[in-house]
Amino acid sequence: MALTIGVDVGGTKVAAGVVDDRGTILEKVRRPTPSTNPKETAETIAEVVDLLKGKYDEVSAVGLGTAGFVDEARATVLFAPNLAWRDEPIKEKVESLVGLPVVVENDGNATAWGEARFGAGRGEDILVLVALGTGIGGGIIVNGELYRGRFGIGAEMGHFRVVPDGRRCGCGNRGCWEQYASGNALVHEARDLARVAPAMAGRLLELGGGRPEGISGPEVSQAAREGDKAALECFRTIAHWAGQGLADLSAILDPGAFIIGGGLSDAGDLLLDPIRAAFEDALTGRGHRPLPDIRIAELGSAAGIVGAADLARVRPVQDAAVRDAAV
């Protein structure tokens, strides 16, 4: 049984797991991320890898999935918004610490790969993974391969702009999609509604301790499940923007399926039904073309670990085949 380790490196946690060739996680560990210190972050990654490989001698490689721009060689993190990584040669550093081959990949790409191989995207040659979390991440699979772009930093779909000169985004631009269709956007809508129409948002304010600033994502989801009109209106607003964005992506990529992941996907049909309606309303040539399926991701928070681990298993083999074919 071929074993690899997948590591999901985020701004607050480093989560790692030993994964077999069927995508099953055999054991997981987690540590806080020392996000302001690149050296300590590499050492934390090495710590969790060493802990796991000490229990599983068969481990042959490590895959790192991290938010940020990863170069075409899958070795250097060019920029990570929530980590102090700028042109960070993380592959070299971790390999020197753990003594195993390391593959580095963007976390959205790793998640898309995990879902394509072992989750909701199985059997789809062309699919788009859209992770509706705090922001929006994603990954694109074309003919069974990750689409990474010329320089390795493709599929940053949360930052295509949907509103010229709209809300300011952490990336430095304004009007990015994730400012309107993410978990943060849902909270923004709920708090804004509570400020301007407190009578309508009574249940949201109750769950938020009486203050708009006390309303967070779980409170909006709870109220929506209870049938609260204000919370449902917030979900419809987010779903409208999400569906519009999917329609734009469909016009460009024409995938067979959109896989919706991230924390917002936990809302299930509360989110998915209005997304589908908004998507069909905005789709170019609607009524005269096949519709891609829009479905919820299956692997949940484990997708990044599973995908990174599997990329560590298959990428070296695929890259070697490409090099041999070019000779």
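Ordering Met200, Met157 by how much accessible area each has at a 1.4 Å probe, largest first, what is the list?
Met200, Met157
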Helix 269-282: inclination vs the chain longest Cα principal axis, degrees, rounded to 10, gives 80
For segment 175-250, listing GluC sites (Glu not before Pro) in a DSSP loop whose Cβ sees at most 11 other Cβ atoms within 10 Å gives Glu226
Of the residues Gly170, Val70, Ala15, the Cα lying farthest along the dipole of the chain towards its positive end, which is defined by charges on the beta carbon of Lys, Arg, Asp and Glu, belongs to Gly170
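Over 18 Å between Cα atoms, which of Lys55/Lys93; Lys28/Lys53; Lys13/Lys39; Lys39/Lys91; Lys55/Lys91 qualify? Can you show the working numbers first?
Details: Lys55/Lys93 22 Å; Lys28/Lys53 11 Å; Lys13/Lys39 15 Å; Lys39/Lys91 13 Å; Lys55/Lys91 23 Å.
The answer is Lys55/Lys93; Lys55/Lys91.
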Between Ser60 and Leu26, the two model label points (7 Å from Cα along the beta-carbon direction) sit apart by a distance in nm of 1.3
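Order the following by accessible area, largest value first: Asp107, Asp310. Probe radius 1.4 Å; ligands, DNA and RNA are ignored.
Working: Asp107 50, Asp310 0 Å².
Descending accessible area places them as Asp107, Asp310.
First select every other residue whose beta carbon is under 14 angstrom from the beta carbon of Leu127; then total the charges, Lys and Arg +1, Asp and Glu -1. Walk me through the intermediate numbers first.
Details: positive: Arg117, Arg122, Arg295; negative: Glu115, Glu124, Asp125, Glu145, Asp254, Asp293, Glu298.
Net charge around Leu127: -4.
When only DSSP loop residues count, what trypsin sites (Lys or Arg not before Pro) in segment 107-185 have their Cβ near at most 10 other Cβ atoms within 10 Å?
Numbers: sites: Arg117, Arg122, Arg148, Arg150, Arg161, Arg167, Arg168, Arg174; in loops: Arg122, Arg148, Arg150, Arg167.
Hits after loop and neighbour filter: Arg150.
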Calculating mean projected area of the Cα convex hull in nm² from this structure picks out, from (i) 18.0; (ii) 16.2; (iii) 21.4, entry (i)
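Expressed as a rounded percentage, what relative contact order does segment 72-135 have, with Cα pairs under 8 Å and six or more residues apart?
Working: 50 pairs, mean separation 13.4, N = 64.
It rounds to 21 percent for segment 72-135.
Just need the relative contact order of the chain here, percent rounded to a whole number, with Cα pairs under 8 Å and 6+ apart. Intermediate results must be reported in sequence, preceding the final value.
Numbers: 708 pairs, mean separation 65.1, N = 327.
Relative CO of the chain lands at 20 percent.
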The FRET efficiency for Asp254 and Arg211, from their Cβ-Cβ distance with R0 = 35 Å and rounded to 0.05, is 0.15
Rg/Rh over Cα atoms for segment 186-327, Kirkwood Rh, comes to 1.14
Here the net charge surrounding Arg167, from other residues whose Cβ is less than 12 Å away from its Cβ (Lys, Arg +1; Asp, Glu -1), is -1
Lys and Arg at +1, Asp and Glu at -1: neighbours of Pro255 with Cβ under 13 Å from its Cβ sum to -4
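The values are calculated or read from the model by the stated rules, or taken from the named source; none is laboratory data. What you see is a predicted model; the values in this text were computed from it and never measured. Cβ coordinates were reconstructed from backbone atoms using ideal geometry, including for glycine residues, and neighbour counts include every protein chain displayed. With ligands, DNA and RNA removed, areas are computed over all heavy atoms of the protein, side chains included. Shrake-Rupley method; radii C 1.70, N 1.55, O 1.52, S 1.80 Å.
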